[in-house]
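Visitor: One structure coming up, written as structure tokens, with questions to follow.
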Amino acid sequence: MARKKSNIHYIYKTTCNVTGKWYVGMHSTSNLDDGYMGSGKILRYSIRKYGKDNHTKEILEYLPTREELVIREIEIVTQELIGDGLCINLKEGSTGGFTPEQQKLNAIKSNERQKWLWENDLEWGEKRREKGSINMIKQYEDGLRDREVNYDWNGKKHSEETKNKMSESSKGNGSGNKNSQFGKCWVTNESENKKIYRGDEIPQGWRLGRVMKKN
């Protein structure tokens, strides 16, 4: 039986509730309940020592493709992040077997191929739009797209290069009400919610996520 293709891509943070130490990584899956807690060497040791139940995993950010997920992890898991005393990441983002430069080059090549397909293969584009719409609707219905997170992203933003890549890869995915959520995310100041473009700097006094209003 063929393995189901991963269609959910996200950045996660797993924290040990005993020590307070945490690990940030990326994961692609077709099932959000696959039990995945992380792949870091020290994290695996922590889970064996303190038990899975003493670790909390948060999904910090969803990305539309694996290629953009790789780029985002490179941006987030830097030497500055690793230098935090509670961080147990040992290497910069996406350095397993490739340098960050090689990972970026591979992602760019993949995006260029997708751009060619969007422009030249109408059937491929239609199937991609339909699949993307179905997946996104399901995530909104499950409350996954607007899940609140505790990670502080104030001052964090995409580079212009990354925003250009994300813009190119999303071309052809629809416009207006048909697919208006691509490239946007919720922010809140605890009393008001609004959407901004993903990668833009979060305003002072606001945070990523939204406050759900009670009926």
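Visitor: Hey, got a sec? Which trypsin sites (Lys or Arg not before Pro) in the stretch 58-97 land in a DSSP loop and have at most 16 other Cβ atoms within 10 Å?
Guide: Taking the stretch 58-97 and a limit of 16 other Cβ atoms within 10 Å, the loop trypsin sites (Lys or Arg not before Pro) found are Lys91.
Visitor: Roughly speaking, what is the stretch gain from Arg66 to Asn17, that is 0.36 nm per residue apart minus the C-alpha to C-alpha distance, in nm to one decimal?
Guide: Extra length from Arg66 to Asn17 when fully extended: 14.7 nm.
Visitor: With r as the distance between the Cβ atoms of Asn31 and Glu126 and R0 = 30 Å, compute the FRET efficiency 1/(1 + (r/R0)^6) and round to 0.05.
Guide: 0.70
Visitor: Give the shape of the stretch 1-98 as rounded, prolate or oblate, defined through the alpha-carbon gyration tensor: a ≥ b ≥ c are the square roots of its eigenvalues, a/c under 1.5 means rounded, and otherwise the shape is prolate if a/b is larger than b/c and oblate if not.
Guide: Judged from the Cα gyration tensor, the stretch 1-98 comes out oblate (a/c at least 1.5, b/c at or above a/b).
Visitor: Would you kindly derive the ³J(HN,Hα) couplings of the stretch 7-12 from the backbone phi angles with the Karplus curve 6.51 cos²θ - 1.76 cosθ + 1.60 (θ = phi - 60°), listing them in order in whole Hz, with x for Gly and Pro?
Guide: 10, 10, 10, 8, 9, 10
Visitor: Sticking with this structure for a sec: Could you tell me which of rounded, prolate or oblate describes the stretch 1-49, using a ≥ b ≥ c as the square roots of the eigenvalues of the alpha-carbon gyration tensor, with rounded for a/c under 1.5 and, failing that, prolate when a/b is larger than b/c and oblate otherwise?
Guide: Prolate.
Visitor: For a quick check: with amide H placed at 1.01 Å from N, whose amide H comes under 5 Å from Leu60's, ignoring anything fewer than 5 positions away on the same chain?
Guide: Excluding prolines and chain starts, which carry no amide H, the hits are Ile11, Tyr12, Lys13.
Visitor: Taking the simple approach of a point 7 Å from Cα along Cα-to-Cβ for both Leu81 and Tyr45, what is their distance in nm?
Guide: 2.1
Visitor: Right, something else. When only Cα pairs under 8 Å and 6 or more residues apart are kept, what is the percent relative contact order across the stretch 7-90?
Guide: Computed over the stretch 7-90, the figure is 42 percent.
Visitor: Then there's this: Report, by chain and number, residues whose modeled amide H sits under 5 Å from the one on Arg198, excluding near sequence neighbours (fewer than 5 apart, same chain).
Guide: Lys184, Cys185
Since every read-out is calculated from the coordinates, none of them should be taken as a lab result. Every value quoted in this text rests on a predicted model; they were computed, and no experiment measured them. Here the Cβ is made from the backbone with ideal geometry for all residues, glycine too, and neighbour counts use every protein chain on show.
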